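The values are calculated or read from the model by the stated rules, or taken from the named source; none is laboratory data. All of these numbers come straight from a predicted model, not from anything done at the bench. Accessible surface is based on the protein model in full, side chains and every heavy atom, while ligands, DNA and RNA are left aside. Shrake-Rupley method; radii C 1.70, N 1.55, O 1.52, S 1.80 Å.
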Amino acid sequence: MNEKKLVEALKRKEDWAYEILYREFAPKIGSIAKSFLNTDDVDDVVQDVFLRIFKGIKKFRGDSKLSTWIYRIAVNVCKDYLQKYKKRNEFLTDFQEKDNEEEIYIQPEAKEDVFDEVLRSITAERVQKALEKLSPEDRLLIKLRDIDGLSYEEIASVLQKPVGTVKSRLHYARKRLGNLLKEGETVER
């Protein structure tokens, strides 16, 4: 879909455009909220971001990509939530109990090497746990660049920081992530 046509349709309040926008960006916004806040407020953040998009789309001039504008709104909403937590002296907590879940899986016949599959799963889990130990800014930088694939310039626009600062902070965020991963155990075959 052509971004310019989508923006024009959003400005005309066409339902199909809002559906495309939501389908495309809700998971990305949710991911930013989860990496930034690490709380159960993800749905509220997504809702708040879309409300701001709907209210502000007529003011969108197209000076940046639509995605950059949306990421900027998502970061601002997350910062607003952090401020609310600070004012109320609340702690950010994830109440999901992963250890107590009992689920029964019927295992189909393996088409791949089971060890390799388990190793990939363990590696993904280690990376996720290491990411959770990083600061919200480090998690956000790694997510925007390494997961969402935004350019340094787009990230700089989203965070309203110089490109050099983004590159430097991302470098050190990756270094901290690497150090956390080195602290963990390795699985050898």
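Here are some notes:
- Scope region 130-181; condition open to solvent by 80 Å² or more (accessible area, probe 1.4 Å) and hydrophobic (A, V, I, L, M, F, W, C); matching residues: ILE147
- Summed over region 145-175, residues that are β-branched (Val, Ile, Thr) and more than 15 Å from ILE29 (Cα to Cα) total 3.
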